[in-house]
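**Q** I have a structure here, written as C-alpha coordinates, and I will follow up with some questions on it.
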Amino acid sequence: MATLRIGTAVLDGTGIARGYLKVGDMPDGRPMQIPVLLAQGARPGPTLWIHGCVHGNEACGAFVVHRLMRELDTATLSGTIVALPILNITAFRSKARMSPFEGFSGGDLNRAFPGKADGTLTEQMAHAIYTELKAHAGYLVDLHTAMTADVRWALFPNAPGEVGQKSESMARAFGFNSTLPAPIDILAGSAMMVAARDGIPGLIVEAGGKGPAFTAALVSDVVERLRNVMRQIGMLTGTVAQHGPLTYFSNFAWVRAVQGGLFQRAVQCGERLKAGTVLGHYYDLWGQPTGEALSPQAGVVLAIHPGPIMASGETLVHIGLDPREV
(Lines give C-alpha, C1' and ligand atoms only; values in the text may rest on other atoms or scores of the structure.)
Protein backbone atom coordinates (compact mmCIF):
# COMPACT_ATOMS: atom_id res chain seq x y z
CA MET A 1 0.00 0.00 0.00
CA ALA A 2 1.47 3.35 -1.07
CA THR A 3 2.29 6.05 1.47
CA LEU A 4 -0.43 8.71 1.72
CA ARG A 5 0.83 12.20 2.49
CA ILE A 6 -1.15 15.43 2.75
CA GLY A 7 0.71 18.23 4.48
CA THR A 8 2.21 16.84 7.67
CA ALA A 9 -0.28 13.96 7.83
CA VAL A 10 1.45 10.79 6.67
CA LEU A 11 -0.01 7.29 6.62
CA ASP A 12 1.71 4.03 5.74
CA GLY A 13 -0.74 1.15 5.66
CA THR A 14 -3.98 0.64 7.53
CA GLY A 15 -4.86 3.14 10.24
CA ILE A 16 -5.53 6.82 10.94
CA ALA A 17 -3.10 9.74 10.82
CA ARG A 18 -3.45 13.39 11.81
CA GLY A 19 -1.59 16.48 10.73
CA TYR A 20 -1.87 19.92 9.14
CA LEU A 21 -2.00 21.34 5.63
CA LYS A 22 -0.47 24.79 5.13
CA VAL A 23 -2.83 27.08 3.22
CA GLY A 24 -1.20 30.48 3.76
CA ASP A 25 0.59 32.71 6.24
CA MET A 26 -0.71 34.68 9.22
CA PRO A 27 0.05 38.40 9.53
CA ASP A 28 2.81 37.61 12.04
CA GLY A 29 4.45 35.19 9.61
CA ARG A 30 3.32 31.99 11.28
CA PRO A 31 1.92 29.29 8.97
CA MET A 32 -1.83 29.25 8.42
CA GLN A 33 -2.65 25.55 8.80
CA ILE A 34 -5.81 23.46 8.67
CA PRO A 35 -6.32 20.07 10.35
CA VAL A 36 -6.16 16.90 8.25
CA LEU A 37 -7.31 13.37 9.11
CA LEU A 38 -6.34 10.41 6.93
CA ALA A 39 -7.72 6.89 7.14
CA GLN A 40 -6.72 3.85 5.09
CA GLY A 41 -8.67 0.64 5.17
CA ALA A 42 -7.49 -2.93 5.20
CA ARG A 43 -8.64 -3.39 1.60
CA PRO A 44 -8.21 -1.28 -1.55
CA GLY A 45 -11.06 0.96 -2.65
CA PRO A 46 -11.98 4.51 -3.61
CA THR A 47 -10.85 7.72 -1.90
CA LEU A 48 -13.57 9.80 -0.28
CA TRP A 49 -12.69 13.43 0.46
CA ILE A 50 -14.88 15.09 3.11
CA HIS A 51 -14.53 18.67 4.32
CA GLY A 52 -16.40 21.06 6.59
CA CYS A 53 -16.28 24.71 7.67
CA VAL A 54 -15.80 26.15 4.20
CA HIS A 55 -17.57 28.99 5.97
CA GLY A 56 -16.11 29.50 9.42
CA ASN A 57 -19.41 29.83 11.29
CA GLU A 58 -20.77 26.49 9.98
CA ALA A 59 -19.43 24.25 12.73
CA CYS A 60 -21.84 21.33 12.33
CA GLY A 61 -19.69 19.89 9.53
CA ALA A 62 -16.64 19.73 11.78
CA PHE A 63 -18.58 17.77 14.40
CA VAL A 64 -19.80 15.38 11.69
CA VAL A 65 -16.26 14.76 10.45
CA HIS A 66 -14.95 14.26 13.98
CA ARG A 67 -17.64 11.74 14.90
CA LEU A 68 -17.32 9.81 11.63
CA MET A 69 -13.56 9.47 12.10
CA ARG A 70 -13.72 8.67 15.83
CA GLU A 71 -16.13 5.80 15.19
CA LEU A 72 -14.39 4.50 12.07
CA ASP A 73 -13.04 0.94 12.11
CA THR A 74 -10.34 0.84 9.44
CA ALA A 75 -10.34 -2.96 9.57
CA THR A 76 -13.76 -2.88 7.88
CA LEU A 77 -12.93 -0.04 5.47
CA SER A 78 -12.14 -0.45 1.79
CA GLY A 79 -10.21 2.50 0.44
CA THR A 80 -9.23 5.83 1.90
CA ILE A 81 -10.84 8.81 3.64
CA VAL A 82 -9.30 12.27 3.52
CA ALA A 83 -11.14 14.47 6.03
CA LEU A 84 -10.58 18.18 6.64
CA PRO A 85 -12.99 19.26 9.37
CA ILE A 86 -12.16 23.00 9.34
CA LEU A 87 -11.26 24.37 5.92
CA ASN A 88 -11.52 28.12 6.55
CA ILE A 89 -9.44 28.30 9.73
CA THR A 90 -9.19 32.08 10.20
CA ALA A 91 -12.94 32.49 9.64
CA PHE A 92 -13.54 29.63 12.09
CA ARG A 93 -11.43 31.35 14.76
CA SER A 94 -13.44 34.53 14.22
CA LYS A 95 -16.77 32.67 14.26
CA ALA A 96 -17.49 34.33 10.93
CA ARG A 97 -18.44 33.21 7.43
CA MET A 98 -15.30 34.60 5.80
CA SER A 99 -11.72 35.33 6.85
CA PRO A 100 -11.13 38.55 8.80
CA PHE A 101 -8.04 39.07 6.63
CA GLU A 102 -10.14 39.63 3.51
CA GLY A 103 -10.78 43.28 2.76
CA PHE A 104 -12.58 44.37 -0.38
CA SER A 105 -12.03 41.19 -2.35
CA GLY A 106 -15.07 39.21 -1.16
CA GLY A 107 -13.54 36.19 0.45
CA ASP A 108 -16.21 33.50 0.01
CA LEU A 109 -14.20 30.26 -0.10
CA ASN A 110 -17.20 28.48 -1.66
CA ARG A 111 -16.77 30.71 -4.74
CA ALA A 112 -12.95 30.66 -4.91
CA PHE A 113 -12.04 27.17 -6.19
CA PRO A 114 -9.81 26.07 -7.84
CA GLY A 115 -8.00 29.10 -6.49
CA LYS A 116 -4.86 30.97 -7.49
CA ALA A 117 -1.35 30.54 -6.14
CA ASP A 118 -0.83 34.34 -6.36
CA GLY A 119 -4.40 35.49 -5.69
CA THR A 120 -6.20 36.86 -2.65
CA LEU A 121 -5.85 35.05 0.66
CA THR A 122 -9.01 33.03 0.03
CA GLU A 123 -7.91 32.18 -3.51
CA GLN A 124 -4.51 31.03 -2.21
CA MET A 125 -6.24 28.88 0.43
CA ALA A 126 -8.49 27.40 -2.25
CA HIS A 127 -5.45 26.67 -4.45
CA ALA A 128 -3.62 24.83 -1.64
CA ILE A 129 -6.71 22.78 -0.78
CA TYR A 130 -7.84 22.02 -4.32
CA THR A 131 -4.38 20.93 -5.43
CA GLU A 132 -4.60 18.09 -2.89
CA LEU A 133 -8.29 17.39 -3.56
CA LYS A 134 -7.74 16.99 -7.30
CA ALA A 135 -4.71 14.77 -6.72
CA HIS A 136 -6.41 12.38 -4.28
CA ALA A 137 -10.22 12.52 -4.35
CA GLY A 138 -12.37 9.93 -6.08
CA TYR A 139 -15.54 11.30 -4.46
CA LEU A 140 -16.30 14.54 -2.58
CA VAL A 141 -18.70 15.43 0.23
CA ASP A 142 -18.83 19.12 1.15
CA LEU A 143 -20.58 19.83 4.49
CA HIS A 144 -22.41 23.14 5.04
CA THR A 145 -25.14 24.68 7.18
CA ALA A 146 -27.66 27.45 6.59
CA MET A 147 -29.55 29.57 9.14
CA THR A 148 -31.59 27.38 11.47
CA ALA A 149 -31.35 23.99 13.14
CA ASP A 150 -34.08 22.45 10.96
CA VAL A 151 -32.17 22.87 7.67
CA ARG A 152 -32.02 19.54 5.77
CA TRP A 153 -31.25 19.54 2.06
CA ALA A 154 -28.57 18.47 -0.39
CA LEU A 155 -27.42 19.14 -3.93
CA PHE A 156 -25.33 17.33 -6.47
CA PRO A 157 -23.85 18.41 -9.82
CA ASN A 158 -26.27 17.50 -12.60
CA ALA A 159 -23.33 16.89 -14.91
CA PRO A 160 -23.44 14.78 -18.07
CA GLY A 161 -22.26 11.20 -18.08
CA GLU A 162 -20.72 9.19 -15.28
CA VAL A 163 -19.94 12.11 -12.97
CA GLY A 164 -23.60 13.14 -12.82
CA GLN A 165 -24.80 9.54 -12.44
CA LYS A 166 -22.40 8.77 -9.59
CA SER A 167 -23.20 12.08 -7.89
CA GLU A 168 -26.91 11.34 -8.03
CA SER A 169 -26.35 7.86 -6.57
CA MET A 170 -24.48 9.53 -3.67
CA ALA A 171 -27.36 11.96 -3.13
CA ARG A 172 -29.93 9.16 -3.12
CA ALA A 173 -27.85 7.12 -0.68
CA PHE A 174 -27.56 10.18 1.56
CA GLY A 175 -31.29 10.61 1.29
CA PHE A 176 -32.25 14.12 2.39
CA ASN A 177 -35.74 14.57 0.95
CA SER A 178 -35.13 18.04 -0.50
CA THR A 179 -32.41 17.58 -3.12
CA LEU A 180 -31.29 19.75 -6.03
CA PRO A 181 -29.81 18.24 -9.20
CA ALA A 182 -27.79 21.45 -9.55
CA PRO A 183 -27.42 22.92 -13.03
CA ILE A 184 -23.74 22.82 -13.87
CA ASP A 185 -23.60 26.59 -14.41
CA ILE A 186 -24.55 27.58 -10.84
CA LEU A 187 -22.30 27.83 -7.79
CA ALA A 188 -19.28 28.54 -9.96
CA GLY A 189 -16.19 28.36 -7.78
CA SER A 190 -17.62 25.84 -5.33
CA ALA A 191 -15.41 22.82 -4.70
CA MET A 192 -18.25 20.53 -5.79
CA MET A 193 -18.74 22.13 -9.21
CA VAL A 194 -15.04 22.53 -9.94
CA ALA A 195 -14.44 18.90 -8.93
CA ALA A 196 -17.31 17.74 -11.17
CA ARG A 197 -15.69 19.45 -14.13
CA ASP A 198 -12.51 17.57 -13.25
CA GLY A 199 -14.37 14.24 -13.25
CA ILE A 200 -14.90 13.88 -9.48
CA PRO A 201 -18.49 13.08 -8.37
CA GLY A 202 -19.70 15.01 -5.36
CA LEU A 203 -22.39 16.16 -3.01
CA ILE A 204 -23.05 19.27 -0.92
CA VAL A 205 -24.94 18.66 2.31
CA GLU A 206 -26.77 21.51 4.06
CA ALA A 207 -27.54 20.38 7.62
CA GLY A 208 -28.33 22.57 10.60
CA GLY A 209 -27.69 26.25 11.16
CA LYS A 210 -24.85 28.63 11.79
CA GLY A 211 -22.90 28.58 15.04
CA PRO A 212 -24.59 26.43 17.71
CA ALA A 213 -27.81 25.91 15.72
CA PHE A 214 -27.54 22.13 15.40
CA THR A 215 -28.05 19.11 17.64
CA ALA A 216 -26.19 15.94 18.56
CA ALA A 217 -29.05 13.99 16.97
CA LEU A 218 -28.49 15.79 13.67
CA VAL A 219 -24.76 15.05 13.78
CA SER A 220 -25.54 11.34 14.36
CA ASP A 221 -28.04 11.31 11.51
CA VAL A 222 -25.62 12.91 9.04
CA VAL A 223 -22.85 10.51 10.06
CA GLU A 224 -25.08 7.50 9.44
CA ARG A 225 -26.15 8.91 6.08
CA LEU A 226 -22.47 9.33 5.16
CA ARG A 227 -21.89 5.70 6.07
CA ASN A 228 -24.69 4.80 3.69
CA VAL A 229 -22.95 6.79 0.95
CA MET A 230 -19.80 4.82 1.75
CA ARG A 231 -21.75 1.58 1.30
CA GLN A 232 -23.05 2.88 -2.02
CA ILE A 233 -19.55 3.59 -3.37
CA GLY A 234 -18.09 0.32 -2.06
CA MET A 235 -16.14 1.50 0.99
CA LEU A 236 -18.25 -0.29 3.61
CA THR A 237 -20.07 -3.60 3.45
CA GLY A 238 -23.76 -4.01 4.16
CA THR A 239 -27.05 -3.20 2.49
CA VAL A 240 -27.47 0.32 1.15
CA ALA A 241 -30.52 1.86 2.84
CA GLN A 242 -33.18 3.05 0.41
CA HIS A 243 -34.83 6.39 1.24
CA GLY A 244 -37.63 6.22 -1.32
CA PRO A 245 -38.65 9.07 -3.62
CA LEU A 246 -36.87 12.38 -3.06
CA THR A 247 -38.20 15.86 -3.70
CA TYR A 248 -36.12 17.28 -6.54
CA PHE A 249 -36.35 20.91 -7.59
CA SER A 250 -35.14 22.79 -10.66
CA ASN A 251 -33.08 25.54 -9.02
CA PHE A 252 -33.28 27.85 -6.01
CA ALA A 253 -34.09 31.48 -5.33
CA TRP A 254 -32.67 33.76 -2.66
CA VAL A 255 -35.31 36.23 -1.46
CA ARG A 256 -34.19 39.39 0.33
CA ALA A 257 -36.16 41.23 3.00
CA VAL A 258 -37.64 44.55 1.89
CA GLN A 259 -38.63 45.47 5.44
CA GLY A 260 -36.82 45.43 8.77
CA GLY A 261 -37.74 45.08 12.42
CA LEU A 262 -38.31 42.37 14.98
CA PHE A 263 -39.15 39.20 13.07
CA GLN A 264 -40.82 35.88 13.89
CA ARG A 265 -40.83 33.22 11.21
CA ALA A 266 -44.03 31.32 10.44
CA VAL A 267 -42.71 28.42 8.31
CA GLN A 268 -40.29 25.54 8.79
CA CYS A 269 -37.62 24.13 6.51
CA GLY A 270 -39.03 21.53 4.12
CA GLU A 271 -42.47 23.15 4.12
CA ARG A 272 -44.21 23.66 0.78
CA LEU A 273 -44.99 27.25 -0.21
CA LYS A 274 -47.51 28.89 -2.46
CA ALA A 275 -47.05 32.36 -3.86
CA GLY A 276 -48.32 34.60 -1.07
CA THR A 277 -47.70 32.18 1.81
CA VAL A 278 -46.95 34.10 5.02
CA LEU A 279 -43.29 33.50 5.87
CA GLY A 280 -43.21 35.56 9.05
CA HIS A 281 -44.35 38.64 10.93
CA TYR A 282 -42.66 41.99 11.59
CA TYR A 283 -43.01 44.09 14.77
CA ASP A 284 -41.75 47.51 15.75
CA LEU A 285 -39.81 48.46 18.90
CA TRP A 286 -43.06 48.80 20.85
CA GLY A 287 -44.25 45.33 19.84
CA GLN A 288 -46.84 46.50 17.36
CA PRO A 289 -47.32 44.48 14.14
CA THR A 290 -45.86 46.29 11.14
CA GLY A 291 -46.36 43.77 8.37
CA GLU A 292 -46.04 40.27 7.02
CA ALA A 293 -43.33 38.72 4.87
CA LEU A 294 -44.96 36.92 1.95
CA SER A 295 -43.42 34.34 -0.35
CA PRO A 296 -43.05 35.78 -3.86
CA GLN A 297 -43.30 32.32 -5.44
CA ALA A 298 -44.17 28.69 -4.89
CA GLY A 299 -41.62 26.08 -3.87
CA VAL A 300 -40.14 24.43 -0.80
CA VAL A 301 -38.41 26.17 2.12
CA LEU A 302 -34.69 25.37 2.14
CA ALA A 303 -33.74 28.01 4.71
CA ILE A 304 -35.55 30.82 6.52
CA HIS A 305 -34.30 33.78 8.54
CA PRO A 306 -34.39 32.80 12.23
CA GLY A 307 -35.12 36.27 13.60
CA PRO A 308 -35.47 37.78 16.14
CA ILE A 309 -34.28 40.94 14.36
CA MET A 310 -33.84 41.67 10.67
CA ALA A 311 -32.64 44.58 8.57
CA SER A 312 -33.90 45.19 5.07
CA GLY A 313 -31.70 43.46 2.52
CA GLU A 314 -30.94 40.42 4.67
CA THR A 315 -31.73 36.96 3.33
CA LEU A 316 -35.37 36.29 4.16
CA VAL A 317 -35.86 32.84 2.65
CA HIS A 318 -34.14 30.34 0.36
CA ILE A 319 -36.70 28.60 -1.86
CA GLY A 320 -36.35 25.40 -3.89
CA LEU A 321 -38.26 25.92 -7.13
CA ASP A 322 -40.62 23.57 -8.98
CA PRO A 323 -40.54 20.72 -6.41
CA ARG A 324 -41.43 17.27 -7.69
CA GLU A 325 -41.09 13.72 -6.36
CA VAL A 326 -38.58 11.55 -8.19
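**Q** Which of the residues spanning region 272-296 are open to solvent by 70 Å² or more (accessible area, probe 1.4 Å) and within 21 Å of W153 (Cβ to Cβ)? Even if it seems obvious, please write down each step before you answer.
**A** Quick first cut of region 272-296, residues open to solvent by 70 Å² or more (accessible area, probe 1.4 Å) only: 272, 274-275, 285-286, 288-289, 292, 294, 296.
Passing the criteria: R272, K274, A275, P296.
**Q** For region 251-325, please list each of the strands (runs of 3 or more DSSP E) lying entirely inside it that holds at least 1 residues being outside the structural domain of T179 (by TED's automatic domain parsing) and over 28 Å from the mean Cα position of the chain (by Cα). Please lay out each step first, then the result.
**A** Numbers: elements: 252-256, 261-265, 278-283, 289-294, 299-304, 315-320.
Filter on region 251-325 gives 261-265, 278-283, 289-294.
**Q** When both residues are 6+ apart or on different chains and their Cβ atoms are under 6 Å apart, which pairs have a first residue that lies in region 210-234 and is open to solvent by 60 Å² or more (accessible area, probe 1.4 Å), and a second that is polar (S, T, N, Q)?
**A** K210/N57; K210/T145; Q232/S169
**Q** Here's a check for you: in region 90-140, which residue that is aliphatic (A, V, I, L, M) and in contact with a strand residue (DSSP E or B) (Cβ under 7 Å, 6 or more places away or on another chain) is modelled with the lowest pLDDT?
**A** Keep residues of region 90-140 that are aliphatic (A, V, I, L, M), which gives 91, 96, 98, 109, 112, 117, 121, 125-126, 128-129, 133, 135, 137, 140.
After this cut, where a residue has to be in contact with a strand residue (DSSP E or B) (Cβ under 7 Å, 6 or more places away or on another chain) as well, the list is 121, 125, 128-129, 133, 137, 140.
Details: L121: 95, M125: 98, A128: 98, I129: 98, L133: 98, A137: 98, L140: 99.
Among them, the one singled out is L121.
**Q** Failed condition for S190, given (1) open to solvent by 10 Å² or more (accessible area, probe 1.4 Å); (2) modelled with pLDDT of 95 or more; (3) not charged (D, E, K, R), with all others met?
**A** It is condition (1) that S190 fails.
**Q** Would you please list the contacts, defined by Cβ atoms under 8 Å and residues six or more apart or on different chains, that run from a residue in region 182-205 that is of a type in the set (D, E) to a residue that is open to solvent by 10 Å² or more (accessible area, probe 1.4 Å)?
**A** Matching pairs, first to second residue: D198/K134.
**Q** Looking only at region 112-125, decide whether some residue is closer than 28 Å to D322 by Cβ, of a type in the set (A, V, I, L, M), open to solvent by 40 Å² or more (accessible area, probe 1.4 Å) and in the same structural domain as G29 (by TED's automatic domain parsing).
**A** no
**Q** Right, another one. Could you check how many residues of region 147-186 are open to solvent by 20 Å² or more (accessible area, probe 1.4 Å) and among the small types (G, A, S)? Before the answer, list the steps.
**A** Initially, region 147-186 is screened for residues open to solvent by 20 Å² or more (accessible area, probe 1.4 Å), giving 147, 149-150, 152, 158, 160-163, 165-166, 168-169, 172, 177, 183-186.
Right, trim to among the small types (G, A, S) and you get 149, 161, 169.
Number of matching residues: 3.
**Q** Moving to a separate point now. In region 101-111, which residue that is open to solvent by 70 Å² or more (accessible area, probe 1.4 Å) and more than 18 Å from the chain's Cα centre (by Cα) is nearest to Y20 (Cα to Cα)?
**A** From region 101-111, those open to solvent by 70 Å² or more (accessible area, probe 1.4 Å) are 101, 104, 111; that's our starting set.
Cutting the leftovers down to more than 18 Å from the chain's Cα centre (by Cα) gives us 101, 104.
On the way: F101: 20, F104: 28 Å.
Ranking the candidates gives F101 first.
**Q** Here's a follow-up. Here are some conditions: (1) touching an Asp or Glu at 6+ places or on another chain (Cβ under 6 Å); (2) more than 20 Å from W153 (Cβ to Cβ); (3) outside the structural domain of G320 (by TED's automatic domain parsing). I204 meets all but one. Which one does it not meet?
**A** (2)
**Q** I would also like to ask the following. Hey, could you check region 56-83 for residues that are of a type in the set (S, T, Y) and surrounded by fewer than 23 Cβ atoms within 10 Å (Cβ to Cβ) and say which is nearest to Y130 (Cα to Cα)? Give the steps one after another, and end with the answer.
**A** As a first pass, look at region 56-83 and keep what is of a type in the set (S, T, Y): 74, 76, 78, 80.
Within this subset, residues satisfying the condition of being surrounded by fewer than 23 Cβ atoms within 10 Å (Cβ to Cβ) are 74, 76, 78.
Values: T74: 25, T76: 28, S78: 24 Å.
Within region 56-83, the match that is nearest to Y130 (Cα to Cα) is S78.
**Q** Here is a follow-up. Cβ-Cβ under 9 Å, sequence separation 6+ or interchain: first residue in region 1-28 and surrounded by fewer than 16 Cβ atoms within 10 Å (Cβ to Cβ), partner of a type in the set (F, W, Y) and outside any loop (DSSP other than H, G, I, E, B). Which pairs?
**A** If the second residue must be of a type in the set (F, W, Y) and outside any loop (DSSP other than H, G, I, E, B), the pairs left are T8/Y20.
The values are calculated or read from the model by the stated rules, or taken from the named source; none is laboratory data. None of the values given here were measured: they were computed from a predicted structure. Glycine also receives a Cβ, built like all others from the backbone with ideal geometry; neighbour counts cover every protein chain displayed. SASA here: full protein model, heavy atoms, side chains in, ligands and nucleic acids out. Shrake-Rupley method; radii C 1.70, N 1.55, O 1.52, S 1.80 Å.
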